[in-house]
Amino acid sequence: MIRATVNTPQRSYQAMIENGLLLRAGSILRDLLGERRKLFIVTVAPVRKKWGKKLQTSLTAAGFDSAFLEIRDGERFKRMATVEGLAEKMVGLGADRNATVLAFGGGIVGDLGGFLASIYMRGVDVVQIPTTVLAQVDASIGGKTGANLKAGKNLIGIFHQPRAVLIDPAVLSTLPEREFRAGLYEALKCGVIGKPQLFADLADVDVRKLRRDAGRLEYAIAESVRLKAEVVSADERENGLRRVLNFGHTIGHALEAETAYKHFLHGEAVAWGMIAAAQIAAEIGKLDGAAAQRIQQAVHNLGPLPEVAVRSKSILRRLQSDKKTRDGVVHFVLPTEVGKVEVVNDVPEAVVLRAVEALQA
Ligand SMILES: NC(=O)c1ccc[n+]([C@@H]2O[C@H](COP(=O)([O-])OP(=O)(O)OC[C@H]3O[C@@H](n4cnc5c(N)ncnc54)[C@H](O)[C@@H]3O)[C@@H](O)[C@H]2O)c1
Ligand SMILES: [Zn+2]
C-alpha cells in the first residue's frame, strides 16, 4: 500500500492508495475508529450500485453497522438542503456524536459528506472514499467541504479534515470515459506543479491503455496525491503555497462560468486553462517556448476537449471579478519549467486576451 501523510493544524491523517483497497476498508477503519461502530455511507446511486456491496461486505466483516444515505446525482443537488436532508436521516437512524460519515463517491459526495460531518451535532468524523479520478487526486484531500448557493459554486463551506482517505483506483473502471479523462487533467496539473516524472509519464500516455494498466494508474494517482498532500501540509488555508494548486484554474473557472457550467467538465476547463497559462508564461518570458509546447501537447494528448467558443473580453471581465481575485489584481499560477510554478500578478491584459483567443483557433 502507498501512503501519503497530510499534516494540518486540525489533524494529521493518511491517504492510502492501493488497487483493491475497498475490500480492506473494514479492517483499516477498525484500526482507525476503534469502538465506534456506526457508519453512515453518503453516496449516489451509480456508485452504490457498482461498488456498494463490496464496501459494505468489508465493513460488516469487520463488525461495523453501516447504512447507506443516498443523495441525488448532479451538481444541482450540491446544496444546503441536501445536507439538511442527510442530517435528518441520520437522526432518524439514531446517529449520535460518535457516528462516522463515509463519503463514498465523486467530489460532490466528498464535499457534501464532509460538510455534513462538520456540522452534524457540531462535528463528527468523516472518512473520504473517493471514486472519481478528480476526487481521488484532488477533492478528497485537504479538507475543503461545502455546497453551492444560487449565486455561485462553493460559496458556503468549511475546512473539515477527514480521519483518513481510502483510495482504490480499481473503482475507476466503471467511471464514464469522459469523467476519467477530465480527472486526469488534474493529475497532469500535479505533474506540472511539482512532479516532473509524473508529467513525463502522462505526457504521451494512451488513456485507454492507462485505464487497463492497474500499476501505472495507481502510480499516477499516488504521485498526484503526494503532491496535493505536500502542498496542503505546507499551507492548509490557501494563503500562500496552496495557491499553486490553482494552476490552470484561473482561466478554467472563467471558462466554466462563461458557459454556465454546461459545456465543460471541470477538468476539461482546467485543461484549457493550463494551455492558456503555458502560453502566457512563454509570452512574458517565464517559460521557454519548447517547454510550453510540451505542456500543451501533453494536455491535448489526454483529449479530446470540447471546443472553446467564448468572447475573450467576457473571460477577462470574469477574471477580474473572480472570488479569488484580490483588489482587482488577477493572480496567475504560471509554470517556469515542467515541475515548477510561480504566482504572477502583473500579466498585461493584452497577453491574457491573446492567450484566450488562441484557444479558439
Ligand atoms: N474539496 C475540494 O478540494 C474540491 C476540489 C475539486 C473539486 N471539488 C468539487 O468536486 C465536484 C466534482 O467532482 P467529480 O468530478 O468527482 O464529480 P461528481 O461527484 O459529480 O462525479 C461525477 C459522476 O461520476 C459518477 N461516479 C462517481 N464514481 C463513479 C464510479 N466509480 N463509477 C461510475 N460512476 C461514478 C457520479 O455518479 C457522477 O455522475 C465539484 O462539485 C467540485 O466543486 C472539490
Ligand atoms: Zn480543479
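Quick check, is residue 294 under 14 Å from residue 359 (Cα atoms), more than 23 Å from the chain's Cα centre (by Cα) and basic (Lys, Arg)?
no
In the range 179-192, how many residues are more than 11 Å from residue 133 (Cα to Cα) and either more than 13 Å from the chain's Cα centre (by Cα) or away from ligand 2 (no atom under 14 Å from the Cβ) (or both)?
Number of matching residues: 2.
Restricting attention to the range 81-117, report how many residues are within 21 Å of residue 137 (Cα to Cα), touching a strand residue (DSSP E or B) at 6+ places or on another chain (Cβ under 7 Å), among the hydrophobic types (A, V, I, L, M, F, W, C) and touching a residue at least 60 places away in the same chain (Cβ under 8 Å).
So the answer is 6.
Quick check on the range 254-269. Is at least one of its residues more than 28 Å from residue 312 (Cα to Cα) and either within 15 Å of ligand 1 (Cβ to nearest atom) or not aromatic (Phe, Trp, Tyr) (or both)?
The answer is no, given that none of the residues of the range 254-269 is more than 28 Å from residue 312 (Cα to Cα) and either within 15 Å of ligand 1 (Cβ to nearest atom) or not aromatic (Phe, Trp, Tyr) (or both).
Could you list, ordered by first residue, the pairs with Cβ atoms under 7 Å in which the first is in the range 263-277 and farther than 16 Å from residue 292 by Cα and part of a loop (DSSP other than H, G, I, E, B) and the second is within 11 Å of ligand 2 (Cβ to nearest atom) and not hydroxyl-bearing (Ser, Thr, Tyr), at least 6 apart or interchain?
264/256; 265/182
A quick yes/no check of all residues on (1) buried (at least 21 other Cβ atoms within 10 Å of the Cβ); (2) away from ligand 2 (no atom under 16 Å from the Cβ); (3) in the same structural domain as residue 76 (by TED's automatic domain parsing):
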{"site": "242", "(1), (2), (3)": "no, no, no"}
{"site": "247", "(1), (2), (3)": "yes, no, no"}
{"site": "265", "(1), (2), (3)": "no, no, no"}
{"site": "273", "(1), (2), (3)": "yes, no, no"}
{"site": "277", "(1), (2), (3)": "yes, no, no"}
{"site": "295", "(1), (2), (3)": "yes, yes, no"}
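Is it the case that residue 269 is surrounded by 15 or more Cβ atoms within 10 Å (Cβ to Cβ) and among the small types (Gly, Ala, Ser)?
yes
Could you please find all residues in the range 34-64 being surrounded by 15 or more Cβ atoms within 10 Å (Cβ to Cβ) and in a helix (DSSP H, G or I)?
46, 47, 48, 51, 52, 54, 55, 56, 58, 59
From the list 229, 203, 277, 282, exactly one residue is touching a Ser or Thr at 6+ places or on another chain (Cβ under 8 Å) and away from ligand 1 (no atom under 16 Å from the Cβ). Which is it?
One residue alone meets the criteria, 277.
Conditions (1) under 19 Å from the mean Cα position of the chain (by Cα); (2) among the acidic types (Asp, Glu), marked per residue:
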| position | (1), (2) |
| --- | --- |
| 21 | no, no |
| 30 | no, no |
| 36 | no, no |
| 73 | yes, yes |
| 89 | no, no |
| 107 | yes, no |
| 110 | yes, no |
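Counting only residues that are surrounded by 17 or more Cβ atoms within 10 Å (Cβ to Cβ), within 12 Å of ligand 1 (Cβ to nearest atom) and β-branched (Val, Ile, Thr), how many does the range 168-198 have?
Residues meeting the conditions: 1.
Return the only residue of 68, 40 being in the same structural domain as residue 130 (by TED's automatic domain parsing), away from ligand 1 (no atom under 16 Å from the Cβ), within 28 Å of residue 14 (Cβ to Cβ) and of a type in the set (Phe, Trp, Tyr).
40
Quick one: is residue 127 among the hydrophobic types (A, V, I, L, M, F, W, C) and within 11 Å of ligand 1 (Cβ to nearest atom)?
No, not satisfied.
Residues that are within 28 Å of residue 258 (Cα to Cα) and aromatic (Phe, Trp, Tyr): list the strands (runs of 3 or more DSSP E) wholly contained in the range 98-198 that include at least 1 such residues.
Once the strands (runs of 3 or more DSSP E) in the range 98-198 are filtered for at least 1 residues that are within 28 Å of residue 258 (Cα to Cα) and aromatic (Phe, Trp, Tyr), what remains is 152-159.
Looking only at the range 69-97, count every residue that is within 16 Å of ligand 2 (Cβ to nearest atom) and either buried (at least 21 other Cβ atoms within 10 Å of the Cβ) or outside any helix (DSSP H, G or I) (or both) and tell me the total.
Within the range 69-97, residues that are within 16 Å of ligand 2 (Cβ to nearest atom) and either buried (at least 21 other Cβ atoms within 10 Å of the Cβ) or outside any helix (DSSP H, G or I) (or both) number 1.
Any residue at all in the range 155-174 that's more than 23 Å from residue 48 (Cα to Cα), modelled with pLDDT of 95 or more and within 16 Å of ligand 2 (Cβ to nearest atom)?
Among the residues of the range 155-174, at least one is more than 23 Å from residue 48 (Cα to Cα), modelled with pLDDT of 95 or more and within 16 Å of ligand 2 (Cβ to nearest atom), which makes the answer yes.
Among the listed residues 242, 208, 237, which satisfies the condition of being modelled with pLDDT under 95 and either under 26 Å from residue 293 (Cβ atoms) or in a loop (DSSP other than H, G, I, E, B) (or both)?
Testing whether each residue is modelled with pLDDT under 95 and either under 26 Å from residue 293 (Cβ atoms) or in a loop (DSSP other than H, G, I, E, B) (or both) leaves just 237.
Go through (1) closer than 30 Å to residue 158 by Cβ; (2) within 16 Å of ligand 1 (Cβ to nearest atom); (3) at pLDDT 95 or above for residue 217 and report which single condition fails.
(1) is the only condition that residue 217 fails.
The values are calculated or read from the model by the stated rules, or taken from the named source; none is laboratory data. Predicted model only: the values in this text are computed from it and were never measured. Every residue, glycine as well, gets a Cβ built from its backbone with ideal geometry; the counts of neighbours run over all protein chains shown.
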